[in-house]
Amino acid sequence: MTQIAANHPAPAETAMQDAEWEARLSKIASDKRMTPDNITLEPGALSGLMKIFAGLGALGLLVTIIGGFTINPHHALAAYEVGVFTALAMTLGALFFVMVFHSLNAGWSITLRRQFENVAWMVRWVWVMMIPIVAIELISKGVLFDWLDPHKVKESHLLGLKAPYLNAGFFSFRFLLYGVVWIFLSSKLLGWSIKSDETGDRALGRKARFWSGFGIPCFALTTAFASFDFLMSLDYRFFSTMWGVMYFAAAALASTAVVTLIASRLLSKGKLVGLVHEEHFHDLGKLMFTFTVFWGYIGFSQYFLIWYSNIPEETAWYGFRQQNGWQWLFVVMTIGHFCVPFLLLIWRKVKRTPVLLTAMGVYVIVITIFDMAWIIRPMAYLNAGAEKIDPGYASGEVFLDIAGVVGVLGIFGAILVWKIGRSNLLPIKDPMLHEAMSHKNYV
Amino acid sequence: MSAMINNLLSAVADYFPMVLRKPAPRFVTERGNRVYGLVAEFTETPKVFHAAEHVRDAGYSKWDVHTPFPIHDIESAMGIKTTKLPLMAGGAALTGVTVGALLQWGTTAILFPQVVQGKPMDAWQAFLPVTFELGILFTAFMCIFGMLALNGLPRFHHPLFSHARFCHASDDTFVIAIEAEDPNFDPVKTRELLEKIGGTHITLIEDED
């Protein structure tokens, strides 16, 4: 038997030689689609959109604050939270996709990755927008979180047992921890990507992949526990092990929709022409379809087990949402959040036509708002002592819901649009860029 | 439409020669054997790719390219239309969902009403898992069996296997085979076309049935 030396490269040695690397980068840079006109936004190119977003956001927040003081603080805070958790879903989903792209060495998504990174970068502003929620809850000892009320903790045996987890100190610590993890990951991933635009340093891509490997479990735990703390604890009696996965599904879905909207807006401005085309929209549509089905599967699994086992402390959550005027939201969730996008996105034509997929993106964002409203809004009155538990349409208070959501998403959109113009529209020195440029779906 | 019926009859005749005889061949050899078609060999991927484009542009419809490995985008070079399989699978999915829903609703709510676990007899929640699974099952069946049927599989023999050099198509050679049943097929002109586009070892294949 003869042994043959296989000449495996040592672990520290990169498989590609520096000369080959440089040749590849210069080939990408000399591509006729990589003109500065095509891959950067002129200063002020989207300032109109930014002003509209900022105006709507300021108006919405103002109305929410006034409504909170004059009409109903519970209702106003719930409406604000619906907006914040929709925005948080978009950013966390984008952060997840950036880390998945890095750790799987994805080629097709390079031309879209900077937009995913920009949306993920927004997580810091959403976290800032969460500070008022935490502050209001802590100072007033429970507006929507009745487990912060010391009297209730004394009275309720169940709440006393849950107090080691559900208490103000530990809650604040966890809130800070989520912020540290999310802001660290998103700012590093965007920072390295922008830095590699200038230097083309090979180490940056490896660093991003290394941290994505650690980042994905950290992301999974923080997302799940943040959804437990802020959404599931709205009703401290309720518990579901599927809850974190539900919020993750909503997050991944919302982020594909946002990136679709950004890409189509940039294309309509004459940017990224030939770099993002129907093949990339096709893949975004596939991801949108995937997470529509995933959300439906997880949502039904949670509902079905609770419905079948029929244990009072679990069914109360659904039971409350199937009466008192909230029944229509259940129909919106089953038909609007699953059936309609499933039957539309299953068509190849819808995924491959940018206009149609953009319409689907708008629809998915609207339905994500309804998803968060389905979770948060009914709790505004239940925890307020159940004096009044109807949605408040009759008294015309529904404008507060619209104001809260428009306010948060307007500010979110304005900052996002500003951030998009701050850097190149794609990572120009990514060695896999040529794959995304010539990307084609063979099925 | 008539082409579809012809294909169907030909498939039935393949499997059940005692029931249905194959339609008379368009071309026979001097020994009276049915002519399957003409094959030509190519040695390089780009050459066979461009040759396929020429055959497509010459208007042939019943022909195929045999390669040792998948060639990206060969389907557009051959002018193959998108498959009808997704529509068939969608039809099967709707059938499965309908069957699953009606079977449960009909039996537990109408024909043999019985209270299970204190739930309403027509509770849609309880029917959904089986409805979903039956939709998946029918779709999967249609995908695999529909794919086999559209590909003309299973079959025990193919006329090309009688050509000794054809086995190189799984090793180092690309083969273009144009069938004699193609309306554009002409023994002389098709051979000239294959020569013009760079094919070598052009051979007439007989189908001994």
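The GluC sites (Glu not before Pro) of the range B:36-76 that DSSP puts in a loop, and whose beta carbon has at most 16 other beta carbons within 10 Å, are B:GLU44. If you find the alpha carbon centre of the range A:315-385 and of the range A:120-136, how far apart are they in angstrom? One Cα centre to the other: 24 Å. Extension gain, B:ILE110 to B:ILE136: 0.36 nm times the residue separation minus the Cα-Cα distance gives 6.8 nm. Helix B:124-150 axis versus longest C-alpha principal axis of chain B: approximately 10°, rounded to the nearest ten.
With a Förster radius of 35 Å applied to the beta-carbon distance between B:LEU8 and A:LEU104, the computed FRET efficiency rounds to 0.20.
Counting charges near A:GLY213 (Lys, Arg +1; Asp, Glu -1) among other residues having Cβ under 12 Å from its Cβ returns a value of +3.
Got the relative contact order for the range B:85-150 handy, in percent, Cα pairs under 8 Å and 6 or more residues apart? Rounded, it is 55 percent for the range B:85-150.
With the cut-off at under 14 Å, measuring from each backbone N in the range B:122-149 to a point 7 Å along the Cα-to-Cβ line of B:TYR15 picks out B:145-149.
One chain, two ends: B:GLU208 and B:ARG155. Fully extended at 0.36 nm per residue, the span grows by 17.6 nm beyond their Cα-Cα distance.
For the range B:129-203, which chymotrypsin sites (Phe, Trp or Tyr not before Pro) pass both filters: DSSP loop (anything but H, G, I, E, B) and at most 14 other C-beta atoms within 10 Å? Sparse-neighbourhood loop chymotrypsin sites (Phe, Trp or Tyr not before Pro): B:PHE156. Helix A:73-103 versus the longest principal axis of chain A: what angle, 0 to 90°, nearest 10, using Cα atoms? With rounding to tens, the tilt is 20 degrees. Computed from the C-beta positions of A:SER301 and B:VAL28, the FRET efficiency with R₀ = 41 Å rounds to 0.05. The Cβ shell under 13 Å around A:ALA76 holds other residues with a net charge of -2, Lys and Arg each +1, Asp and Glu each -1. Modelled label positions at A:MET16 and A:PHE239, each set 7 Å beyond Cα in the direction of Cβ, lie 5.0 nm from each other.
Spin-label model, B:ARG56 to A:ALA29: label points 7 Å out along the Cα-to-beta-carbon direction sit 3.7 nm apart.
Look at the alpha carbon pairs under 8 Å that are at least 6 residues apart: their mean separation over the length of chain A gives a relative contact order of 36 percent.
Scanning chain A for GluC sites (Glu not before Pro) lying in DSSP loops with no more than 12 further Cβ atoms inside 10 Å, the longest uninterrupted stretch between such sites is A:14-386.
Think of it as helices only: each DSSP H run of n ≥ 4 in the protein assembly as shown is worth -39500 (n - 2.57), and spread over all residues that comes to -20500 deg cm²/dmol at 222 nm.
Using only Cα positions of the range B:15-143, each an equal point scatterer, no hydration layer, compute I(q)/I(0) via Debye at q = 0.12, 0.14, 0.15, 0.20 Å⁻¹ and quote the log10 values to two decimals. Treating every Cα as an identical point scatterer, log10 I(q)/I(0) equals -0.76, -0.85, -0.90, -1.10. Under the combined filter of DSSP loop state and at most 14 neighbouring Cβ atoms within 10 Å, the range A:396-429 retains these trypsin sites (Lys or Arg not before Pro): A:ARG422. Helix A:243-268 versus the longest principal axis of chain A: what angle, 0 to 90°, nearest 10, using Cα atoms? Tilt relative to chain A: about 50 degrees. Other residues lying with their Cβ under 12 Å from the Cβ of B:LYS189 contribute a combined charge of -2, Lys and Arg counting +1, Asp and Glu -1. Applying 1/(1 + (r/R0)^6) with r as the Cβ-Cβ distance of B:LEU85 and A:ILE131 and R0 = 51 angstrom yields a FRET efficiency of 0.45. With contacts taken as Cα pairs under 8 Å and at least 6 residues apart, chain B reaches a relative contact order of 42 percent. In this label model, A:GLN327 and B:THR95 are separated by 3.7 nm, measuring between points 7 Å along each Cα→Cβ vector.
When all alpha carbon pairs of chain A are counted in 20 Å bins from zero, the resulting P(r) reads 24, 54, 20, 3, 0 %. Separation of the range A:214-270 and the range A:14-69 by C-alpha centroid, Å? With the range A:214-270 and the range A:14-69 each reduced to a Cα centre, they are spaced 22 Å.
Where a number appears in this text, it was derived from the coordinates with a stated rule and is not lab data. Since we're looking at a predicted model, the values are computed, not measured. Positions of Cβ are generated from backbone atoms using ideal geometry, with glycine treated the same way; all protein chains shown enter the neighbour counts.
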